[in-house]
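Reading through the structure tokens given below for one structure.
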Amino acid sequence: MRKAIVKGVIIFVALFLLLSLATKFALDEGENALSLFAGAALSNSVKDKSIDRPAAAEEDLAVLLKERPDELITDGTKFLHDYGYLPDTGYINRYKLTWMNVALAFVAGLLSFFWNVREEKSLEIDILELSDYLGALHRGEDQLVLRDDLFGQLRDDLYKTVLILRESRENALTDRTLLKRNIEDITHQIKTPLTTIQLLLDLIQQDEANQAEYIARLDAEINRLNRLTSDLLKLSSLDAGAIIFRSECFSAESMIYEAIQPIESLIHKKQVELRLTGQDYEVKGDRSWLMEAILNLVKNAVEAVEEKGIVEIRLSENDIYRSIAIQDNGPGISAEDLRHIFDRFFKSQNAQKESFGIGLSMAKSIVEGHGGSLEVESKNSGSCFEIRLYYQLAAPRPRVRPGEVTKLL
């Protein structure tokens, strides 16, 4: 209300001053013009010539108006004043004009006052509605009200901000829960080999006859612990975004050959038949990290099959992506386990005892870090993990005829 009064007074004063100045200027100019022509009419030269020669009188009048304006204005003003045609004699009442200006300015100020009162009332209502809207959002009552005005846009921005903050809070809670679970899993994974190592050390001291066997088992547990710490470091680096994947071109086939070398002994031990089918192509990405993903997937497949089982690696392509699929003829993965197969430290029912439950999660992170995706399908006849490398990552380079089968080992 106070702002409306102040604005109304300002409008009143400003408009009154403008009208007063305009009125004074107009009256002064009118009086000067009237006095000028009155003075010219009183000139003797004009009077003498206006009777016989009207045309000449007009010419002389024009000359007088140009040459003697000040003198004519003085004479005309005196004449008009003497006969009552100037303000001092009441012909032109400037006071009436002043009051008219006051009335007009007052009406304008009054209209401005009512308009500002209306705007303030409308603004107060909008602010109260916005406050209620924020309260509803805080209570979790999502109400997206569309309005084509400034407050409508503000509501929309607040709604988006609240959703982002809510999502951030939920993600933070999820991350906290996940961190707690991961710490528990890591503690368990590390504690198991440490307990075994401690037990083996005690056995070595107590049973000298079987020290060689205990030392071999001790070495295996130490290697297992080293693999765990190495995998955890790799996984944490991927999670933290500390890994910058290199961009290089290489053959998918040669990458697969090199990736499986660390598990050749396991493949020979289980007499697994490993096959490569399809057409070779070039991959653009970080060779060492993609080899890590391939190694984890092939190792998972080899561990899943029985002795003399079959693991097939298929290279294929379509209009969207290039594919590396690892298919095994193992017992498959249950529907319940399939939902958590990429969860960190998760072990399916058929997982090996020595498994950490990290390999598949790491493979997925590596592939997604390259802009690809890792898909899985599983039936009673086996499981298939498929790496999809989209066309920004792969370029064609035929090397093997389609359908040709190459036995790797």
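The values are calculated or read from the model by the stated rules, or taken from the named source; none is laboratory data. Here the structure is a predicted model, which means the values were calculated and not measured. Cβ coordinates were reconstructed from backbone atoms using ideal geometry, including for glycine residues, and neighbour counts include every protein chain displayed.
Here PHE385 does not qualify as on the phi > 0 side of the Ramachandran plot and either assigned to a helix (DSSP H, G or I) or of a type in the set (Phe, Trp, Tyr) (or both). Taking the condition within 40 Å of the chain's Cα centre (by Cα), crowded, with 16+ Cβ neighbours inside 10 Å and on the phi < 0 side of the Ramachandran plot, does ASN318 pass? It is false that ASN318 is within 40 Å of the chain's Cα centre (by Cα), crowded, with 16+ Cβ neighbours inside 10 Å and on the phi < 0 side of the Ramachandran plot. Regarding LEU232, is this residue farther than 25 Å from SER323 by Cα and crowded, with 17+ Cβ neighbours inside 10 Å? Spelling it out, LEU232 is indeed farther than 25 Å from SER323 by Cα and crowded, with 17+ Cβ neighbours inside 10 Å.
The condition of being among the charged types (D, E, K, R) and out of contact with any Gly (no Cβ under 9 Å at 6 or more places or on another chain) holds for GLU307. Comparison of ILE260, ILE244, ILE215, ILE256 shows that the only residue that is under 28 Å from SER323 (Cβ atoms) and surrounded by fewer than 15 Cβ atoms within 10 Å (Cβ to Cβ) is ILE244.
Of all residues in region 230-259, those satisfying the criterion of being of a type in the set (Ser, Thr, Tyr) and farther than 27 Å from VAL311 by Cβ are SER236, SER237, SER247.
One residue is enough: does region 264-274 have a residue meeting the conditions in contact with a Ser or Thr (Cβ under 9 Å, 6 or more places away or on another chain) and in the same structural domain as GLY382 (by TED's automatic domain parsing)? No, there is no match, as no residue in region 264-274 is in contact with a Ser or Thr (Cβ under 9 Å, 6 or more places away or on another chain) and in the same structural domain as GLY382 (by TED's automatic domain parsing). Can you report the number of residues in region 247-272 which are under 15 Å from ALA293 (Cα atoms) and in contact with a strand residue (DSSP E or B) (Cβ under 9 Å, 6 or more places away or on another chain)? The qualifying residues number 6.
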